[in-house]
Structures are given as C-alpha cells and as structure tokens.
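The values are calculated or read from the model by the stated rules, or taken from the named source; none is laboratory data. In this text the structure is predicted, and so the values were computed from the model without any measurement. As a convention, Cβ positions derive from the backbone with ideal geometry for all residues, glycine included, and neighbour counts pool all protein chains shown.
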Amino acid sequence: MSIARTRMAKIFDEWAKRYAEHPDSFGEILDESGKPISEYGERCAIYFERLAAEMDQDGLLPRLEGVG
C-alpha cells in the first residue's frame, strides 16, 4: 500500500473512531429534504486536513516523501 493510501486509511479510521465516540459533535450531513447539505464535501475536506495535521504533529501518520 502506498504511503498516501496508508495515511488516508489512518485518517478515516481516526474519523470513524471519533464519530463513534461523539456523533453529536459532528455537523449535519443531510438537509430537511434528505439531500446533502451545501458544501458538505468542502467541510469534510477542511476537517480531514485538520485531522491529518493533528495526527502528523502527534507522529501518528507516515510521512509523505519530500514533505517535512
């Protein structure tokens, strides 16, 4: 598995753990019509970037080549 895929898998695992422990701390996904809220993907991308930075800082992710 590539380092990028390993990083992504670890980030998703951490998100799933946090969501399972505190689902109410995450925003809404669907609007009242049952459709994804506006800019849901953008909000997720920002969250995952922050999560990756936090995990990098804590040494929980493998480093990408040429970074850091």
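Yes or no: M55 surrounded by 11 or more Cβ atoms within 10 Å (Cβ to Cβ), touching a Leu at 6+ places or on another chain (Cβ under 6 Å) and hydrophobic (A, V, I, L, M, F, W, C)? Yes. Determine which member of the set R7, R18 is under 14 Å from P62 (Cα atoms), modelled with pLDDT of 95 or more and either within 11 Å of the chain's Cα centre (by Cα) or in a helix (DSSP H, G or I) (or both). One residue alone meets the criteria, R7. Quick check on segment 25-38. Is at least one of its residues part of a helix (DSSP H, G or I) and loosely packed, with under 11 Cβ neighbours inside 10 Å? For segment 25-38, residues part of a helix (DSSP H, G or I) and loosely packed, with under 11 Cβ neighbours inside 10 Å: present.
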